[in-house]
Amino acid sequence: MSIIVNVDVMLAKRKMSSGELAEKVGITAANLSILKTGKAKAIRFSTLNAICQALECQPGDILEYKE
Amino acid sequence: MKQNSIKSITAISIAIMVFCGLSALLVIVQGFVGFVSPEQVGVVWSDEMKAFQLFIATGRMLGGALFFGLITAFLVKTIKGLKNGILFPASNVRILYFSSPVLFLYNFCYNNGGILTGSSSNLLLDTDDIAISLILVVFAMIYKIAVRISDENSLTI
């Protein structure tokens, strides 16, 4: 898929750990790992909303389209 | 999934498996007795149709046992999947596809049992048998889609 998930980049910018983000968003560490590794097939708006809120960023900062 | 639903599916599946086990045993015993002592079950071997009679007898015995075995495998995988939170195990798709020709073979041989006893010399091809086997193929295709949707659902974050 050409959609790249940049959660790792945002986590580094915010100096936040994966565990902390998972806790704030309310998802399991395993699911966050699926998202980070690009194995996820879809992301719910509610999850995206929670991630953006936790990382204080825009959806475009997390998701990127590459041809 | 609700715990009650899982319990119901498991209980019904176990009941079906017991029934299938007994049916498979009956089919095997019937076939075995037929081969070993044909006079006891009234098998009349015909020189002209011996090859076809053997096909019917073998198909009935092996087809029946294999079909009931496949149903049992399907149900066991379903129960195991439910316990692990998987509603549609992917391996069941292959079982369903394979069950279709096996069921057709079994039904065909069962319906033509008269050829074994000499009560009928005409070949019987029931449209219901073809329809049921094709319905099983359609069910397998739908099940395959369900597996894919289930996978996608589990990978939705």
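A few comments on the model shown:
- The listed residue being more than 20 Å from B:Cys20 (Cα to Cα), surrounded by 14 or more Cβ atoms within 10 Å (Cβ to Cβ) and out of contact with any Cys (no Cβ under 7 Å at 6 or more places or on another chain), out of B:Val102, B:Val43: B:Val43
- Annotation note: of B:Leu134, B:Leu125, the sole residue that is over 30 Å from A:Arg44 (Cβ atoms), more than 14 Å from every other protein chain (Cβ to nearest Cβ) and part of a loop (DSSP other than H, G, I, E, B) is B:Leu125.
- Selection status of B:Ser133, modelled with pLDDT under 95, open to solvent by 30 Å² or more (accessible area, probe 1.4 Å) and among the small types (Gly, Ala, Ser): no
- For the stretch A:43-66, the set of residues classified as open to solvent by 40 Å² or more (accessible area, probe 1.4 Å) and either within 20 Å of B:Ser150 (Cβ to Cβ) or of a type in the set (Val, Ile, Thr) (or both) consists of A:Ile43, A:Arg44, listed by residue number.
- Taken over the stretch B:105-122, residues that are in a helix (DSSP H, G or I) and either hydroxyl-bearing (Ser, Thr, Tyr) or surrounded by 21 or more Cβ atoms within 10 Å (Cβ to Cβ) (or both) amount to 9.
- In the set (1) in contact (Cβ under 8 Å) with a residue 40 or more places away in the chain; (2) exposed (fewer than 14 other Cβ atoms within 10 Å of the Cβ), the condition left unmet by A:Lys39 is number (1).
- Filtered residues of the stretch B:137-157 (kept if away from chain A (no Cβ under 14 Å) and either small (Gly, Ala, Ser) or open to solvent by less than 90 Å² (accessible area, probe 1.4 Å) (or both)): B:Val137, B:Val138, B:Ala140, B:Tyr143, B:Ile145, B:Ala146
- In the stretch A:13-53, residue nearest to the chain's Cα centre (by Cα) [restricted to those that are at the interface with chain B (Cβ under 7 Å from one of its Cβ atoms) and in a helix (DSSP H, G or I)]: A:Leu35
- Verdict on B:Phe55 being surrounded by 16 or more Cβ atoms within 10 Å (Cβ to Cβ) and closer than 18 Å to B:Ser13 by Cα: no
- Residue in the stretch B:70-87 that is assigned to a helix (DSSP H, G or I), under 19 Å from B:Ile16 (Cβ atoms) and among the aromatic types (Phe, Trp, Tyr) present: yes
- Any hit, the stretch B:115-127, residues being at positive phi and not polar (S, T, N, Q): yes
The values are calculated or read from the model by the stated rules, or taken from the named source; none is laboratory data. Predicted model, so just to flag it, every value in this text is computed and none were measured. All Cβ positions, even for glycine, are placed from backbone atoms using ideal geometry, and neighbour counts span all protein chains on display. Heavy atoms of the whole protein, side chains included, go into the accessibility calculation; ligands, DNA and RNA do not. Shrake-Rupley method; radii C 1.70, N 1.55, O 1.52, S 1.80 Å.
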